[in-house]
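S.K.: Below is one structure. I have some questions about it.
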Amino acid sequence: NAGVTQTPKFRVLKTGQSMTLLCAQDMNHEYMYWYRQDPGMGLRLIHYSVGEGTTAKGEVPDGYNVSRLKKQNFLLGLESAAPSQTSVYFCASSPMGGGPQETQYFGPGTRLLVL
Amino acid sequence: DAKTTQPNSMESNEEEPVHLPCNHSTISGTDYIHWYRQLPSQGPEYVIHGLTSNVNNRMASLAIAEDRKSSTLILHRATLRDAAVYYCILRPNQAGTALIFGKGTTLSVSS
């Protein structure tokens with residue numbers, strides 16, 4: 001089991017460019033999440049998905065779009081990157097979502113720098 | 001959402017026990033207490049969770065106060081690999097809620 005993997009590990013973008021971050025999990029989990037972590041801060045939820053074909057907004061969704069076409073993949077898109085989106089992005093998955101005993105499994109992160 | 005309060009940082013020596021405190025005075029009766037940790041340059045990692053009773057697993061122990069207004073994560077013998085940011089998170093009994101990460105406690109371990 002690879003668990004949760006993220007592609008790419010690091011990327012530099014210019015303001016206005018677009019890109020897609022890929023998250024893949026091989027644990028057959030229903031729920032998947034995208035978080036961002038700014039320096040010295042905790043993680044904040046961007047979007048999440050409760051199953052294939054469904055997505056929902058989190059705490060900081062502006063400037064991002066997501067898609068969950070396959071159960072194992074969750075894509076995070078930046079249509080027009082801004083310097084404020086410079087951050088480390090973490091993907092997570094869980095077998096059940098939102099319940100009080102839910103455990104989330106995190107990927108290694110994607111470090112994004114927007115110039 | 002109920003809030004947690006943790007010290008910004010703590011230090012420990014290798015091989016010694018570490019007690020990481022968390023205050024959650026506004027916890028509701030059905031909130032679970034979760035702990036995650038984040039090693040340097042890695043994603044967060046689940047450590048342990050509990051509701052009322054103390055809990056043990058291979059990584060740590062969780063001691064929950066009788067009034068549930070505080071809890072303590074116990075690492076029985078700290079190793080250098082335990083140096084990380086430790087997050088105490090409350091999970092309500094409600095579907096569709098996200099993990100809410102605060103700033104956590106940065107644990108330093110010295111040899």
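S.K.: Consider the range A:35-51. How many of its residues are of a type outside the set (Gly, Ala, Ser) and closer than 15 Å to A:Asn65 by Cα? Don't jump to the end; show me each part of the working.
M.R.: So the first thing to find is which residues in the range A:35-51 are of a type outside the set (Gly, Ala, Ser), and the list is A:35-39, A:41, A:43-48, A:50.
Filter once more, so that each one left must be closer than 15 Å to A:Asn65 by Cα: A:35-36, A:45-48.
Residues that pass the stated criteria total 6.
S.K.: Within the range B:64-105, how many residues turn out to be more than 14 Å from every other protein chain (Cβ to nearest Cβ) and more than 18 Å from B:Cys22 (Cα to Cα)?
M.R.: The qualifying residues number 5.
S.K.: Applying the selection to the range A:1-55, what residues are of a type in the set (Gly, Ala, Ser) and in a strand (DSSP E or B)?
M.R.: Step one: filter the range A:1-55 for residues of a type in the set (Gly, Ala, Ser), giving A:2-3, A:16, A:18, A:24, A:40, A:42, A:49, A:51, A:53.
If the condition is that a residue be of a type in the set (Gly, Ala, Ser) and in a strand (DSSP E or B), then A:Ala24, A:Ser49, A:Gly51 are the ones that fit.
S.K.: Shifting gears a bit: Given the residues B:Leu62, B:Leu90, B:Leu73, which is the only one that is outside any loop (DSSP other than H, G, I, E, B) and in contact (Cβ under 8 Å) with a residue 60 or more places away in the chain?
M.R.: Selected residue: B:Leu90, the only one of B:Leu62, B:Leu90, B:Leu73 that is outside any loop (DSSP other than H, G, I, E, B) and in contact (Cβ under 8 Å) with a residue 60 or more places away in the chain.
S.K.: Still on this structure: In the list A:Lys14, A:Lys9, which residue meets the criterion of being on the phi < 0 side of the Ramachandran plot, more than 15 Å from the chain's Cα centre (by Cα) and in contact (Cβ under 8 Å) with a residue 60 or more places away in the chain? Even if it seems obvious, please write down each step before you answer.
M.R.: On the way: A:Lys9 fails: more than 15 Å from the chain's Cα centre (by Cα).
Only one candidate passes the filter, namely A:Lys14.
S.K.: Still on this structure, please answer the following. Which one is farthest from the other protein chains (Cβ to nearest Cβ), of the residues in the range B:20-54 that are more than 28 Å from A:Pro39 (Cβ to Cβ) and not hydroxyl-bearing (Ser, Thr, Tyr)?
M.R.: My answer is B:Asn54.
S.K.: Within the bounds of the range A:60-76, is there any residue that is touching a helix residue (DSSP H, G or I) at 6+ places or on another chain (Cβ under 7 Å) and not aliphatic (A, V, I, L, M)? Before you say what the answer is, go through the steps one by one.
M.R.: To start, the set of residues in the range A:60-76 that are touching a helix residue (DSSP H, G or I) at 6+ places or on another chain (Cβ under 7 Å) comprises A:63.
Pick out the ones that are also not aliphatic (A, V, I, L, M) and you get A:63.
Among the residues of the range A:60-76, at least one is touching a helix residue (DSSP H, G or I) at 6+ places or on another chain (Cβ under 7 Å) and not aliphatic (A, V, I, L, M), which makes the answer yes.
S.K.: Do you know which residues across the range B:16-55 are over 23 Å from B:Ala98 (Cβ atoms) and modelled with pLDDT of 95 or more?
M.R.: Passing the criteria: B:Glu16, B:Pro17, B:Val18, B:His19, B:Pro21.
S.K.: Let me ask something else. Based on this model, can you work out whether A:Leu69 counts as surrounded by 13 or more Cβ atoms within 10 Å (Cβ to Cβ), away from every other protein chain (no Cβ under 13 Å) and more than 19 Å from B:Ile100 (Cα to Cα)? Quick ask: steps written out before the conclusion?
M.R.: Working: surrounded by 13 or more Cβ atoms within 10 Å (Cβ to Cβ): no; away from every other protein chain (no Cβ under 13 Å): yes; more than 19 Å from B:Ile100 (Cα to Cα): yes.
Here the answer is no, as A:Leu69 does not meet what is asked.
S.K.: Being acidic (Asp, Glu) and in contact with a Lys or Arg (Cβ under 9 Å, 6 or more places away or on another chain), is that true of even one residue in the range B:33-47?
M.R.: Within the range B:33-47, one or more residues are acidic (Asp, Glu) and in contact with a Lys or Arg (Cβ under 9 Å, 6 or more places away or on another chain).
S.K.: Then there's this: When the residues of the range A:1-45 are filtered to those that are loosely packed, with under 13 Cβ neighbours inside 10 Å and in contact with an Asp or Glu (Cβ under 9 Å, 6 or more places away or on another chain), which remaining residue is nearest to A:Ser87 (Cα to Cα)?
M.R.: My answer is A:Ser18.
S.K.: Here are some conditions: (1) within 14 Å of chain B (Cβ to nearest Cβ); (2) surrounded by 13 or more Cβ atoms within 10 Å (Cβ to Cβ); (3) more than 13 Å from the chain's Cα centre (by Cα); (4) not aromatic (Phe, Trp, Tyr). A:Val60 meets all but one. Which one does it not meet?
M.R.: Condition not satisfied by A:Val60: (3).
S.K.: How many residues, within the range A:56-71, are part of a loop (DSSP other than H, G, I, E, B) and in contact (Cβ under 8 Å) with a residue 12 or more places away in the chain? Before the answer, list the steps.
M.R.: Taking the range A:56-71 as the starting set, the residues that turn out to be part of a loop (DSSP other than H, G, I, E, B) are A:58-64, A:68-71.
Add one more test, that the residue is in contact (Cβ under 8 Å) with a residue 12 or more places away in the chain, and what stays is A:58-61, A:63-64, A:68-71.
Qualifying residue count, the range A:56-71: 10.
S.K.: Under 17 Å from B:Gly43 (Cα atoms) and away from chain B (no Cβ under 12 Å): is that true of A:Pro8 in this structure? Don't jump to the end; show me each part of the working.
M.R.: On the way: under 17 Å from B:Gly43 (Cα atoms): yes; away from chain B (no Cβ under 12 Å): yes.
Yes; evaluated as a whole, the condition is true for this residue.
The values are calculated or read from the model by the stated rules, or taken from the named source; none is laboratory data. In this text the structure is predicted, and so the values were computed from the model without any measurement. Cβ: placed from backbone, ideal geometry, glycine included. Neighbour counts: every protein chain shown.
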